[in-house]
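The values are calculated or read from the model by the stated rules, or taken from the named source; none is laboratory data. Fair warning: this is a prediction, and the values are worked out from it, not measured in the lab. Virtual Cβ from ideal backbone geometry, glycine too; neighbours counted across all protein chains shown.
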Amino acid sequence: MSADLPIETDTRALLDRMGVDPALYTGGNMVSFSPVTGTQIASLPEDTPLTTGAAMGRAAQAFAAWRMVPAPRRGELVRLMGEELRAAKDDLGRLVSIEAGKSPSEGAGEVQEMIDICDFAVGLSRQLYGLTIATERPGHRMMETWHPLGVVGIITAFNFPVAPWAWNSTLALVCGDPVVWKPSEKTPLTALACNAILARAIARFGDAPEGLSQVLIGGPEVGAALVDDPRAALISATGSTAMGRIVGPRVAARFGRSILELGGNNAGIVCPSADLDMALRAVAFGAMGTAGQRCTTMRRLFVHDDIYDAFVPGLVKAYGSVSVGNPLTTNALVGPLVDESAWSGMQSALAEARAAGGTIHGGERVDVTGPQSFYARPALVEMPAQTGPVFRETFAPILYVMRYSDLDDAIAQHNDVGGGLSSSIFTRDLQDMETFLSASGSDCGIANVNIGTSGAEIGGAFGGEKETGGGRESGSDAWKSYMRRATNTINYSKDLPLAQGVTFDIS
Ligand code: NAD
């Protein structure tokens, strides 16, 4: 184990083992820091609009070849990718901890999610089904065919540096689409590692076209060049709602397709009938896990009046005792915030909450590795009402807790925010549960019962409504976004009957 190595040495050893060329992360202008220590771990050469255009040219050429490879054969590449990921799981998981500050368990969990979606995509490669549809014309057959779409541009956020790329790239690859990935400028090394791992699979696969999977290094400008390139048939962008407000219209302006996976302001409701011990553990993980830096982090909690005094003091106690520490050398449950701006965003939200009458438990800075890193004790804030900062996503471990007495009112408040990603109800009452899941219940893309808002599995479609962007990726039928649908009508008769009984007799 490399727990006592300096973090730069540890990082370099991991990158070497995963096959990343040192020229890709040394001697460049883009400095990369680890939130664990706040120190520099790499300096990467950046892409430019020119190199982005060249990458898109290679990807477009790859598309012409890859779309003709039978889908189950394309699935074989993803099967090999799953094997390579299994072999590299420990190294990549640790690199996720170094770059994103996740606990070892959560770093490994993110890689496991990549392995899971590989397995899903391999099966999918034999299940890209179209329908056969009844036609009104005799001697005709109507069906739909799904074809590869084109180059998929992937933009990702720092907090899930690897899994969303895998959700997109595995599906894109089996669907016949090359991928060009612009990872977060805060987590470029894990992207280079993923591409090197996929390159090993490609080498074993044998005859994949060059340019099938590429990585672009840089910030929003490089992302914008990708977004504006007409050769990117689909842009799948994960990040803040502010980013989506720019990216969505730009892709739409050129009639491109987009999947937007944006911010959330996720909430839970604890009903009087809830198993309070289970609810407490679920809320603790949902709100404090990944130091509150998940898109699905629980940020608001509505607790029924009848159980508020039995439930909330236990939660306050859990907030006071949760371990905050270095994810590389301890098994602490809460690691660092990504950077200083996350810390100052957390402090200004807490100041606003205090001014609005909130009672704050926790939220103070914890010195773990010195002044360059930013560790915080998660904050639980008892609010008199849903007001001020409660309405927005602050990407830090703050949970706003509010009382409610009527479930319909709690659901109305639950839905009265911009984000529409994830939601939970804790109850053993069938009526409460079904109300929450009904058309007049939670308006989120994910609605859970007796589990928290975070920790989704890959089998379901992932994404949310409203300011979360409306995109869906990962499981279920999300693959359809990566393909184009053609409706085919075939006349095998000797006549030419027109639809809707129209006549057009030219003889
Ligand atoms: P961010 O919006 O700052 O950056 C995300 C990515 O978008 C980065 O790669 C960035 O370089 C790129 N980008 C920014 N502006 C761009 C532009 N104008 N054109 C093209 N690309 C641009 O987000 P972040 O701080 O890295 O991540 C945190 C945010 O992401 C939170 O709001 C979180 O909720 C959200 N998120 C959502 C999901 C989801 O699936 N819904 C998953 C993870 C994170």
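Annotations for the structure displayed:
- Whichever residue in the stretch 216-241 is within 6 Å of the ligand (Cβ to nearest atom) and aliphatic (A, V, I, L, M) and, among such residues, is nearest to E473 (Cα to Cα): V227
- The stretch 360-392: number of residues that are touching a residue at least 40 places away in the same chain (Cβ under 8 Å), β-branched (V, I, T) and either part of a strand (DSSP E or B) or on the phi > 0 side of the Ramachandran plot (or both): 1
- Filter result (over 20 Å from the mean Cα position of the chain (by Cα) and hydroxyl-bearing (S, T, Y)) within the stretch 409-452: T427, T435, S438, S440, S442
- Pair list, Cβ under 6 Å, 6 or more apart: the stretch 235-247 residue over 21 Å from V162 (Cβ atoms), other residue within 6 Å of the ligand (Cβ to nearest atom) and not in a helix (DSSP H, G or I): T241/L262; T241/G263
- Test for F120: is it within 27 Å of E76 (Cβ to Cβ) and part of a loop (DSSP other than H, G, I, E, B): no
- Residue match in the stretch 324-343 (condition: of a type in the set (F, W, Y), modelled with pLDDT of 95 or more and within 14 Å of the ligand (Cβ to nearest atom)): yes
- The residue that is farthest from G256 (Cα to Cα), among those in the stretch 172-219 that are of a type in the set (D, E, K, R) and part of a loop (DSSP other than H, G, I, E, B), is D207.
- Selection of first residues in the stretch 453-473 that are among the acidic types (D, E) and of second residues that are in a strand (DSSP E or B) and within 11 Å of the ligand (Cβ to nearest atom), restricted to Cβ pairs under 7 Å at least 6 apart or on distinct chains, gives the following pairs, ordered by first then second residue: E465/G420; E467/G419; E467/G420; E473/S236; E473/I259; E473/E261; E473/F462.
- Test: residue in the stretch 261-281 that is within 14 Å of the ligand (Cβ to nearest atom), of a type in the set (S, T, N, Q), under 20 Å from E364 (Cα atoms) and crowded, with 23+ Cβ neighbours inside 10 Å: no
- Residue in the stretch 424-446 that is hydroxyl-bearing (S, T, Y), buried (at least 24 other Cβ atoms within 10 Å of the Cβ), touching an Asp or Glu at 6+ places or on another chain (Cβ under 9 Å) and assigned to a strand (DSSP E or B) present: no
- Scanning the stretch 173-215 for residues that are farther than 16 Å from A87 by Cβ, in contact with a strand residue (DSSP E or B) (Cβ under 6 Å, 6 or more places away or on another chain) and away from the ligand (no atom under 16 Å from the Cβ) yields C175, G176, D177, P178, S213.
- Residues that are in contact with a helix residue (DSSP H, G or I) (Cβ under 7 Å, 6 or more places away or on another chain) and within 21 Å of G263 (Cα to Cα) were ranked within the stretch 400-417; the one that is surrounded by the fewest Cβ atoms within 10 Å (Cβ to Cβ) is V417.
- Selection within the stretch 125-167 - part of a loop (DSSP other than H, G, I, E, B), within 29 Å of G82 (Cβ to Cβ), in contact (Cβ under 8 Å) with a residue 60 or more places away in the chain and away from the ligand (no atom under 16 Å from the Cβ): L128, G130, L149, G150
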